[in-house]
1. Compute the distance in nm between two label points, each set 7 Å from the Cα along the Cα-to-Cβ direction, one at Lys60 and one at Lys15.
2. How large is the charge dipole for the chain, taken about the Cα centre, if only the Cβ atoms of Lys, Arg (+1) and Asp, Glu (-1) carry charge, to the nearest 20 debye?
3. Distance check, please: which entries in Lys21/Lys53; Lys34/Lys78; Lys21/Lys60; Lys21/Lys78; Lys15/Lys60 exceed 18 angstrom between their Cα atoms?
4. For the chain, build the charge dipole from Cβ charges (+1 Lys, Arg; -1 Asp, Glu) around the Cα centre, then report which of Gly74, His11, Phe27 sits farthest towards its positive end.
Amino acid sequence: MEYILGFGSTHRALKAEELLKGAAIPFRLLPVPKALDSACGLVISVDEGLFEKAYQTLQKGGLLPRNVYRKEGGEYVKV
């Protein structure tokens, strides 16, 4: 299972990318899935086992995601 983190702007998503890279947390920077409505064109995807570590890293960096979704099959469930 994977978690999708939305940040509301491309700038914030790229800043999140920097924070996660700095903490050596594996992630993927992706276009917003069509099933999700967002003004920002980018999201970050992290595996379930890394979600807590990624979230804590972003929290310490002062950059919490605006939206978090868990991908279940082909659907996205807001967390």
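1. Going from the Lys60 label point to the Lys15 one covers 1.8 nm.
2. Details: 11 positive and 9 negative charges, 50 e Å.
Here the chain has a charge dipole of around 240 debye.
3. Values: Lys21/Lys53 12 Å; Lys34/Lys78 15 Å; Lys21/Lys60 14 Å; Lys21/Lys78 25 Å; Lys15/Lys60 13 Å.
Exceeds cut-off: Lys21/Lys78.
4. Farthest towards the positive pole: His11.
Bear in mind these aren't lab numbers, they're just calculated from the coordinates by the rules spelled out. Everything numeric here is computed off the predicted structure, so don't read it as measured data. Note: ideal-geometry Cβ built from the backbone for every residue, glycine included; neighbour counts use all protein chains shown.
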